[in-house]
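Each reported figure results from applying straightforward, stated rules to the coordinates on display, with no laboratory input. Computed from a prediction, not measured in an experiment: that's the story for all the values here. FYI the Cβ positions are ideal-geometry reconstructions off the backbone, even for glycines, and counts take in every protein chain you see.
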Amino acid sequence: MNVQLHKKTFNELSVDELYELLRVRSEVFVVEQNCVCQDIDNDDQKAIHLWITVNDRVVALARVFPAGIHLKEISIGRVITTVRGKGYGKQIMLFAIDTAVKEFNATRIEIEAQEYAKGFYEKVGFKQSSDTFLLDGIDHIKMTWTK
């Protein structure tokens, strides 16, 4: 089994890589979660894109942003795993936290988490920092990680 971690800015992505990341995001957020949302949000160009492949298949992905782009604080978003129960979600989140610390000197990271995933994010050090709010028709909460 060939597991690889990938990290690229928007301009470093090949057309095929970008297409695959957008395809996976659409598959999970739009189709699987039945969520009508504008996934392509003009923030991709400012993000660091992270993904994990197993035998050249994307199994997890996330985006990392400097402060003030997606949220007020340095943030992580579009966290997805396509293969569940194998630890790829935790692996991509730890990779994203490490990237935020190394690339942006993060001491604080904010996310907008789907409320049902609160326990998952708590396992990697995030704490709830807002009441529930509706985003794209799904209950979300803000969560914060502090170094």
Pull out the extension gain between M1 and K86, defined as 0.36 nm times the separation in residues minus the alpha carbon to alpha carbon distance; nm, one decimal.
-> 29.3 nm
For S129, list long-range residues whose amide hydrogen, built 1.01 Å from N in the peptide plane, is under 5 Å from its own amide hydrogen.
-> K142, M143, T144
Could you run the Karplus curve 6.51 cos²θ - 1.76 cosθ + 1.60 with θ = phi - 60° over region 58-63 and give me ³J(HN,Hα) per residue in whole Hz, x for Gly and Pro?
-> 5, 10, 6, 7, 6, 10
Over 24 Å (Cα to Cα) - which of K8/K123; K46/K118; K90/K142; K86/K142 fall in this group = K8/K123; K46/K118; K86/K142
Provide the three semi-axes, in whole Å and in decreasing order, of the ellipsoid equivalent to the chain as defined by the square roots of 5 times the Cα gyration tensor eigenvalues.
-> 21, 18, 16
Around I111, what is the net charge, scoring Lys/Arg as +1 and Asp/Glu as -1 over all other residues with Cβ under 13 Å from its Cβ?
-> +2
